[in-house]
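Q: Submitted below is the structure of interest, expressed as structure tokens.
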Amino acid sequence: MLRLKQNLLLKLRSARTQADLYGFLHAAIQLEHSTIPPYLTALYSLKPGTNTAASNIITSIVREEMLHMTIAANLLIALGGRPCFSAPRFVPDYPGPLPMQVDDDLQVGLQPCSKKLIYDTFMRLEQPDKPPRLKLKDGSETHYPDAATGEYPTIGDFYKELLDILSAMRVTWGPASAQVTQETTGTTWFRERDWFPITSLDDAARAVEVIVTEGEGATASPVDGDGDPAHFYRFGEIYYGAKLIPEGASWSYTGADVPFDESAVFPMTPNAKAAMYPVGTRSRLLVDSFNQAYRQLLLGLDSVFNGQQQRLNTTLGLMYQLRILAYEVLTQPDPNSPTGDSTGLTFEYVPLVIS
């Protein structure tokens with residue numbers, strides 16, 4: 001469970017105008033984005049043609065995190081704000097706590113995929129408050145990461161408080177034409193029922209529900225409003241080795257097998273930094289190229305969410321380039337590793353070079 005800073009809601013409650021909410025919503029965009037590099041690192045570390053089921057699961061989760069980031073950005077635009085994805089402090093410094101997160105023992109880094117990573121980090125990030133115990137194929141029940149102790153707000157609490165504030169505030173909703181939606185982009189990257197313009201409090205509530213239920217699941221169910229397992233339970237499919245299926249009035253991990261071969265994962269150096277690799281080496285060249293491509297992706301998002309929505313396809317197409325570059329990085333031996341690990345992905349912010 002992602003615990004937020006205790007004073008966050010107190011600060012949020014002091015908002016009196018739409019502009020007072022901009023910083024909070026920008027932090028929410030940062031938070032939604034911050035899970036994408038760790039998830040992509042785990043995805044890219046799966047060797048091509050292997051671990052297909054796990055790859056499909058992680059890909060589906062990344063896509064929904066991108067949707068959540070889009071929703072948070074559209075909500076900011078609807079209130080008159082301007083998202084900025086390429087600001088120097090937008091990208092987290094991995095490993096560490098995520099934006100808005102209380103500084104506890106949940107440090108999120110960039111690591112190759114493993115069941116330990118899925119359980120210790122990804123499932124903890126997505127864990128609902130009280131997940132139900134579900135049956136496994138061997139007749140036992142699920143066991144979950146230790147829940148954080150103490151009274152801390154969650155991302156669901158943050159969005160609920162935000163909606164309460166909006167309901168008590170005289171809001172001037174911006175036009176749908178300024179937002180990034182299927183209509184303004186001409187694309188179908190996300191399901192239409194989950195991706196819509198926000199022009200009223202009801203729209204905002206629907207949008208927030210998509211974010212919360214896709215991450216944690218509905219209150220009394222492990223599935224979201226579309227009937228798909230929430231992120232926590234989808235990661236559970238990889239960890240427990242079976243698909244989640246309905247069983248009477250409940251659910252269980254007794255569906256089709258989800259095999260996971262940890263030998264078919266690139267043994268990349270975890271939590272690498274470009275500075276680890278001397279300038280002029282092949283590893284440094286590849287890491288720098290990857291980070292520059294990541295920078296171009298963030299700059300593209302800036303343009304898309306600030307009036308050039310028609311560039312969404314082109315911008316998201318940069319993710320294919322990122323994956324190609326990731327493969328080059330991950331097949332390059334790390335010159336610092338005595339055990340033959342491959343060069344690590346870094347997802348670092350790099351300043352714009354003007355020639």
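Q: Using only Cα atoms, locate the centre of region 30-109 and the centre of region 160-229, then give the distance between them in Å, rounded to an integer.
A: 18 Å
Q: At 1.4 Å probe radius, can you tell me the per residue accessible area of the chain in Å²?
A: 43 Å²
Q: A follow-up question, please. Just list whichever of Lys115/Lys273; Lys11/Lys273; Lys11/Lys116; Lys130/Lys243 have alpha carbons separated by over 28 Å in the model shown.
A: Lys11/Lys273; Lys11/Lys116
Q: Identify the residues of region 6-44 with backbone N under 18 Å of a label point that sits 7 angstrom from the Cα of Ile324 along the Cα-to-Cβ direction, or state none.
A: 44
Q: Rounded, prolate or oblate, given the Cα gyration tensor of the chain, with a/c below 1.5 counting as rounded? Please list the in-between numbers first.
A: On the way: a/c = 1.63, a/b = 1.11, b/c = 1.46.
Cα axes put the chain in the oblate bin.
Q: Also, I was wondering about something else. Place a label point 7 angstrom from the Cα of Ala264 along the Cα-to-Cβ direction, then list the residues of region 41-80 whose backbone nitrogen is under 12 Å away.
A: Those under the cut-off are 46-56.
Q: Same structure again: Mind checking region 148-247 for GluC sites (Glu not before Pro) that DSSP puts in a loop (not H, G, I, E or B) and that have at most 12 other Cβ atoms within 10 Å?
A: In loop regions of region 148-247 (DSSP not H, G, I, E or B), the sparsely surrounded GluC sites (Glu not before Pro) are Glu151.
Q: In nm, give the distance between the simple-model label positions of Leu285 and Leu201, each being 7 Å from the Cα along the Cα-to-Cβ direction.
A: 6.0 nm
Q: Continuing with this model, one more query. Please give the peptides 12-24, 33-45, 284-296 ranked by average Cβ packing (other Cβ atoms within 10 Å per residue), highest first, as a rough proxy for protection.
A: Descending mean neighbour count gives 33-45, 284-296, 12-24.
Q: Give the accessible area for Ile61 in Å² (nearest 10); use a 1.4 Å probe, count only protein heavy atoms, and leave out ligands, DNA and RNA.
A: 0 Å²
Q: Could you sort Cys113, Cys84 by accessible area so the largest value comes first, with the probe set to 1.4 Å?
A: In descending accessible area the options line up as Cys84, Cys113.
Q: Put +1 on the Cβ of every Lys and Arg and -1 on every Asp and Glu Cβ in region 209-355; which of Gln292, Ile211, Gly344 then has its Cα farthest towards the positive end of the dipole?
A: Farthest towards the positive end: Gln292.
Q: If you roll a 1.4 Å probe over region 214-355 with all protein chains in place, what percent of the accessible area is carbon or sulfur?
A: Its accessible area is 57 percent carbon and sulfur atoms.
Q: Which percentage, to the nearest 5, of the DSSP beta bridges contained in the chain is antiparallel? Can you show the working numbers first?
A: Values: 10 of 13 bridges.
About 75 percent, rounded to the nearest 5.
Q: Modelling each spin label as a point 7 Å along the Cα-to-Cβ direction, I'd like the Ala256/Gln182 distance in nm, to one decimal.
A: 2.6 nm
Q: Counting only protein heavy atoms and a 1.4 Å probe, tell me what percentage of region 52-187's accessible area is made up of carbon and sulfur. Display every interim value, and only then the final one.
A: Values: 2840 of 5880 Å².
Roughly 48 percent, rounded to a whole number.
Q: Let me ask something else. Would you pull out the residues with amide H under 5 Å of Ser252's amide H, same chain only if 5 or more places away, H placed 1.01 Å from N?
A: Ile245, Glu247
The values are calculated or read from the model by the stated rules, or taken from the named source; none is laboratory data. Everything quoted here is computed from the prediction, not taken from an experiment. Backbone-built Cβ (ideal geometry, glycine too); neighbour counts: all protein chains shown. To get the accessible areas, we keep the full protein, side chains included, count just its heavy atoms, and leave off ligands, DNA and RNA. Shrake-Rupley method; radii C 1.70, N 1.55, O 1.52, S 1.80 Å.
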